[in-house]
Amino acid sequence: DYTMMVSKFAPTIVTIKFVMKVEGAGMGEREQETEAFGVMIDPSGLVLTSNLQMGGMAQMMRQMRGMDISLKPTKIKVLVGDDTVGVDATLVARDSELDLAFVRVDEKPAKPFAHLDFAESAEAVMGEKLYTVGRAGRFFDRTPMVNEIRVSAMAKKPRNLLIPTAGQPMLGMPTLNAAGKVVGVMIIQFPSEEETSGQMGGEGGGAVILPAAEVVSATKRALETAEAGGEAGKAADEPEAAKKD
């Protein structure tokens, strides 16, 4: 039921507004206001989003095309619900391999945020109908939306992943089953240049679903790495979560 999905989960989907600082050979330096969507995963203000949308595109371009470019999100704010101003936040950790980034609200909220607990999850099966809940872009007033997909394959390499049928790739957004249980989060996965060397087609990667159990483990690693790196302000310059073995 789309109405149930929206009413239950849309309050956990937040907007992340920031200024992207772009630097590159022959490009100089410029800044661009942009925004992405994330899901609140802790009532204190921890947001999970796609690393690709928070500057991870630069790493992918260096990896796949050899382009010397740097993307750094600055002046980050998180907008919850109908808020159009936002509260200050910090990028505290990344897991580039899993296309995950973690943004934390700077000040503890007076009232706990609505959030989605990935520990309370369900496992998907082959062919199952799933639903990704997110929001439309700013032009459509960030209205809540639902994308319907099915599990077309279940990969074991390079890690446990669910490969969905074609649909709008709502990166960083939670994917749920018909009972309203979270199954995972939509991420992007691309092979390295070494992995595609000598291959002809079929190796391009794309949008996949990272199972909820993997999200829980990745979040724990990312936050532990951020804490080990020192203060959040220092970690925000170029946070990097521990890699999966």
**Message:** Criterion first (closer than 20 Å to THR12 by Cβ, crowded, with 20+ Cβ neighbours inside 10 Å and among the hydrophobic types (A, V, I, L, M, F, W, C)) does LEU162 satisfy it?
**Reply:** no
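Out of VAL105, VAL92, which single residue is among the hydrophobic types (A, V, I, L, M, F, W, C) and either under 19 Å from MET5 (Cβ atoms) or in contact with a Lys or Arg (Cβ under 6 Å, 6 or more places away or on another chain) (or both)?
VAL92
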**Item:** Filter result for GLY167 (modelled with pLDDT of 90 or more and assigned to a loop (DSSP other than H, G, I, E, B))
**Value:** no
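Scan the strands (runs of 3 or more DSSP E) fully inside region 63-114 and keep the ones with 1 or more residues being in contact with a strand residue (DSSP E or B) (Cβ under 7 Å, 6 or more places away or on another chain) and at pLDDT below 95.
Of the strands (runs of 3 or more DSSP E) lying wholly inside region 63-114, those with at least 1 residues that are in contact with a strand residue (DSSP E or B) (Cβ under 7 Å, 6 or more places away or on another chain) and at pLDDT below 95 span 69-79, 87-95.
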**Fill in**
Going through (1) polar (S, T, N, Q); (2) over 24 Å from ALA207 (Cβ atoms); (3) open to solvent by less than 50 Å² (accessible area, probe 1.4 Å) one by one, THR84 fails only at (3)
**Prompt:** Hey, any hits in region 123-145 for a residue that's under 22 Å from THR3 (Cα atoms), at pLDDT below 95, open to solvent by 60 Å² or more (accessible area, probe 1.4 Å) and not in a helix (DSSP H, G or I)?
**Reply:** yes
**Request:** Have a look at GLY202, GLY180 and point out the one that is at pLDDT below 95, assigned to a loop (DSSP other than H, G, I, E, B), open to solvent by 50 Å² or more (accessible area, probe 1.4 Å) and on the phi > 0 side of the Ramachandran plot.
**Result:** GLY202
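The values are calculated or read from the model by the stated rules, or taken from the named source; none is laboratory data. Please read these numbers as outputs of a predicted model, since none were measured by experiment. Neighbour counts are summed over all protein chains in view; Cβ atoms, including those assigned to glycine, are modelled from backbone coordinates with ideal geometry. Side chains are part of the model used for accessible areas, which takes the heavy atoms of the whole protein and leaves out ligands, DNA and RNA. Shrake-Rupley method; radii C 1.70, N 1.55, O 1.52, S 1.80 Å.
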